[in-house]
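Visitor: Here it is, the structure in full.
The numbers here are math on the coordinates, done by the rules we state, and not lab data. Model, not experiment: these values are computed from the prediction. With ideal geometry, Cβ positions are generated from the backbone for all residues, glycine too; neighbour counts draw on all protein chains shown.
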Amino acid sequence: MTDGALTLEWPVVATILGMALVTYATKAGGLWLIGRIDGSLRLERALEILPGVLVVSILAAEVLEGGPPEWTSAAVVAVVVWRTERLVLGLLAGVLTVLVLRGTL
């Protein structure tokens with residue numbers, strides 16, 4: 001970088017493009033594969049709950065290692081999702097809660 005200006009470094013660009021290509025190939029390959037499999041009801045149910053399971057597994061460590069702001073936010077998420085049955089709305093409420101309680105917002 002010179003004089004505070006941002007420069008474009010080709011190894012970084014190549015890495016990002018490579019990661020995007022691999023991500024796309026993974027998604028396209030998964031869709032292709034699932035179209036070739038005769039899915040059982042059990043498989044369909046497992047795939048339906050997978051996004052929620054991934055979110056919980058990612059956020060569980062943060063909640064367990066956190067303090068009162070994180071615990072309160074987790075409770076807010078649980079209540080909002082329970083009452084509205086909308087995961088995204090619950091996550092937004094939780095993020096806002098933790099930001100307010102940490103004094104960041």
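Visitor: Taking a virtual spin label 7 Å from the Cα of Met19 along the C-beta vector, which residues in the range 46-87 bring their backbone nitrogen under 20 Å of it?
Guide: 55, 58-59
Visitor: What is the magnitude of the charge dipole of the chain about its Cα centre, with +1 placed on the Cβ of each Lys and Arg, -1 on the Cβ of each Asp and Glu, and no other charges, expressed in debye to the nearest 20? Walk me through the numbers on the way to the answer.
Guide: Numbers: 7 positive and 9 negative charges, 73 e Å.
With only Lys, Arg, Asp and Glu charged at Cβ, the dipole is about 360 debye.
Visitor: Let me ask something additional. Based on the Cβ-Cβ distance from Arg102 to Leu6, what FRET efficiency comes out when R0 is 35 Å, to the nearest 0.05?
Guide: E between Arg102 and Leu6, to the nearest 0.05, is 0.75.
Visitor: Sorted by mean Cβ packing within 10 Å, highest first, what order do the peptides 49-62, 26-39, 89-102 take?
Guide: Packing proxy ranking, top to bottom: 89-102, 49-62, 26-39.
Visitor: For n ≥ 4 DSSP H runs only, could you compute -39500 (n - 2.57) per run for the chain, divide by its residues and tell me the 222 nm figure to the nearest 500?
Guide: Details: 4 runs with 85 residues, N = 105.
The per-residue figure over the chain is -28000 deg cm²/dmol.
Visitor: Just to check I understand the Karplus step: with θ = phi - 60° and J = 6.51 cos²θ - 1.76 cosθ + 1.60, what whole-Hz values come out for the range 15-30, glycine and proline as x?
Guide: Rounded to whole hertz, the list is 5, 5, 5, x, 5, 5, 5, 5, 4, 4, 4, 5, 5, 5, x, x.
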